[in-house]
1. What would the Debye equation give as log₁₀ I(q)/I(0) for the chain at q = 0.11, 0.13 Å⁻¹, counting only Cα atoms as equal point scatterers?
2. Need one number: % antiparallel among DSSP beta bridges in the chain, to the nearest 5.
3. Read phi for every residue in the range 115-130 and hand back ³J(HN,Hα) as whole Hz from Karplus 6.51 cos²θ - 1.76 cosθ + 1.60, θ = phi - 60°, with x for Gly and Pro.
4. Could you look at the range 144-272 and say what percent of its accessible area is carbon and sulfur, using a 1.4 Å probe and all protein chains?
5. For the full complex of protein chains and a 1.4 angstrom probe, list Cys23, Cys54 by accessible area with the highest value first.
6. So how do 170-177, 65-72, 260-267, 127-134 stack up, highest first, on mean other-Cβ count within 10 Å?
7. Taking amide H atoms as placed 1.01 Å from N in the peptide plane, list the residues 5 or more away in sequence, or in a different chain, whose amide H sits under 5 Å from that of Val132.
8. Please give the net charge around Arg151, taking every other residue with its beta carbon less than 9 angstrom from that of Arg151, where Lys and Arg add +1 and Asp and Glu add -1.
Amino acid sequence: MPGVQDALTARIAAEAGFEAITCGGYASTAALIGEPDTSQLSMRELADHYARICDAVDVPVFADADTGFGNVTNTRRAVRAYEQAGVAGLFIEDQVFPKRCGHMAGKAVVPVEDMVAKLQAALDARRDPDLVIMARTDALAVDGIEAAIDRACLYRELGADMVFVEAPRTVEQMRRICAAVQAPLLANNIEGGLTPMLTAAELEEIGYAVVTHPVALTYAVARAARDLFATLRRDGITTAFADRMLDFDGFNQLVGLPDLRAREQAYLDQAARVIAGRPHPDQETGE
C-alpha cells in the first residue's frame, strides 16, 4: 500500500494501479499543518481528512487512528467516525499519548491492560464486519522483542484482524516476528528509518502479508517543492523545471475536469428534455 497525504495524491496512487492505499499520521500532519508526527492532529481533523480522501477514490483506504485519541471511550468514537468517513481499515497503537512517529527516539508504551481495553472497544465499536482493525505495538523499542511479540500475539488473540510490530531493526528480528505471531502482519518501509528496506517480494518470503511505504510520497513532494522554489527564486520563471511538472491541460485531465464538464452538460441536456416534454402553459389553458 503506497502512502498518500491528501485527496490529490490518493487519486494519483489509484491512477497508478494500486488496489489499496494508506495515509498515516506522519504524512497527514506534514500536509495539513507542516509539523512533525507528534499527536498534533485531533481525531476530528483526521476523520475529516480521511473523508475527503475516501470521496476522491474508489480503492480501499487504510487509516491511522493513532492511540485511539484517549481512553476506551475516545477509541470507540474514533472507530465510528473513521467508519463514517469511509475508510476500509485502521490501526490503533499502544504508545503513550502524545505518541511519536514509530521510528523516533523516546517512545513509551501504555500498560498492556490499557491497550487490551482499547482494542476491545475498537472491535466492539465497528458496525461493518469488513472494517479491518489492526493492532500496532511499539514495545520493541521500549521493552525488547520478546515483549513486543507477546503483545502482538495477545492482540491477535483478542481479535485484531492484522498486527503490526513497529520498527524491527534487523531482518533476523523480522523473521522472528513473522514466525511467532500467527496473524497477517504488516511491514513498514521508511526511507532512512530503523527497519531494513526490503522489496515486497522479499517481505512476502519472510512472512509479511502487506507492506506500506507511508512517507515516500511526502519526502518526494518536499524535495520536488524545494527544487521548484529554488528554480523559481533563481530564474524568476519555472521554465527550467517544466519537464518535472504537469501542464494546465495535463493537470485538468488528472483531476477529472473533462468528466466533470461532461457530467454537467448531461444534466443540463436532461433538464432541457424534461422541460421540452412538458405541456406549454398556453396549451393547458387552451389559449
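1. Each listed q maps to, in turn, -0.70, -0.90.
2. So the antiparallel bridges amount to about 5 percent of the total.
3. Whole-Hz 3J(HN,Hα) from phi for the range 115-130: 5, 4, 5, 5, 5, 5, 4, 5, 5, 6, 7, 5, 9, 8, x, 7.
4. After summing per-atom areas, the C and S share lands at 57 percent.
5. Descending accessible area places them as Cys54, Cys23.
6. Packing proxy ranking, top to bottom: 65-72, 170-177, 127-134, 260-267.
7. When sequence neighbours closer than 5 places are left aside, the close amide H contacts are Gly89, Leu90.
8. Every neighbour counted, the sum reads -3.
The values are calculated or read from the model by the stated rules, or taken from the named source; none is laboratory data. These numbers were taken from a predicted model, which means no experiment stands behind them. For neighbour counting, all protein chains shown are included, and Cβ atoms are generated from backbone atoms with ideal geometry for every residue, glycine included. The area values use the complete protein model at the heavy-atom level, side chains included, leaving out ligands, DNA and RNA. Shrake-Rupley method; radii C 1.70, N 1.55, O 1.52, S 1.80 Å.
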